[in-house]
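One structure is given below, encoded as structure tokens.
Only the coordinates and a few stated rules stand behind these numbers; no lab work does. Just so we're clear, the structure is a prediction, and the values are computed from it rather than from any experiment. Cβ atoms come from the backbone with ideal geometry, glycine included; neighbour counts cover every protein chain shown.
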Amino acid sequence: TNVTFSYKNLQEILMWTFRVWKNWGRTYPQSERSSGHRDTSSYFHLWVKTNIWCFRTLCLGKVEPRKQQSYLQSIDATIDFAGPIADTNFYHEDKTYLGVWSREEVYNNLTDYPNLVLFSDGESAPQVTAEALIAGCGVVVSKEASANLDDSLPFIDVVDRNISHLDLVRTIQKNREASLENRDAIRKYGIETFDIEKCVERYIDKIREIIS
């Protein structure tokens, strides 16, 4: 079939291609893959109906000032942390620090938690939240880390970074409780919204729409 592309068609195709590449198709050096959040396929992520750590929350990713893990560590003892450390204020000998997880550990262990927290001062489209949702975890995120999330859902809480520490702790706890009650719904939302296969299907549909 002969298809005539206009300049506007080409712009739209490039925009959608870049969007998929930016959020799901990038490659990373091996040093960034451990405890990273790069794979949003439900094929890899283990999902279990019942959590092992029902009263704990996970913060997964590089420990750095931008993500404020040292602050979270100081206000809430129910948060566990996994990821390489790049913040001297973070206490790495605390029992809540789980070390650097391999990709296999991320795939297998993420689902053991009811929810995940990402209290960052700047993110583009954080894939750790997509991975968490696919694994059945609710999320508590700062506004700067809330891209592509539906905050009307009971298992997604978006907070201001100037929230008081008491309100933040309460929000994390509330989200944990809601997430425990909505495991199936979280998993379904995560797959339908962020699974790479679903994203590619939407991408192909969009390209067909543009060129038709």
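Projected onto their three principal axes, the Cα atoms of the stretch 78-137 cover extents of 31, 26, 22 Å, largest first. Rounded to the nearest whole Hz, the Karplus-based 3J(HN,Hα) values (6.51 cos²θ - 1.76 cosθ + 1.60, θ = phi - 60°) of the stretch 165-170 follow the sequence 5, 5, 5, 5, 4, 5, with x at glycine and proline.
Here the spin labels are modelled as points 7 Å beyond Cα on the Cα-Cβ line, and at I52 and A147 they lie 3.2 nm apart.
Here the spin labels are modelled as points 7 Å beyond Cα on the Cα-Cβ line, and at D160 and I75 they lie 1.3 nm apart. With each label modelled as a point 7 angstrom along the Cα→C-beta vector, the N108-D121 pair spans 3.7 nm.
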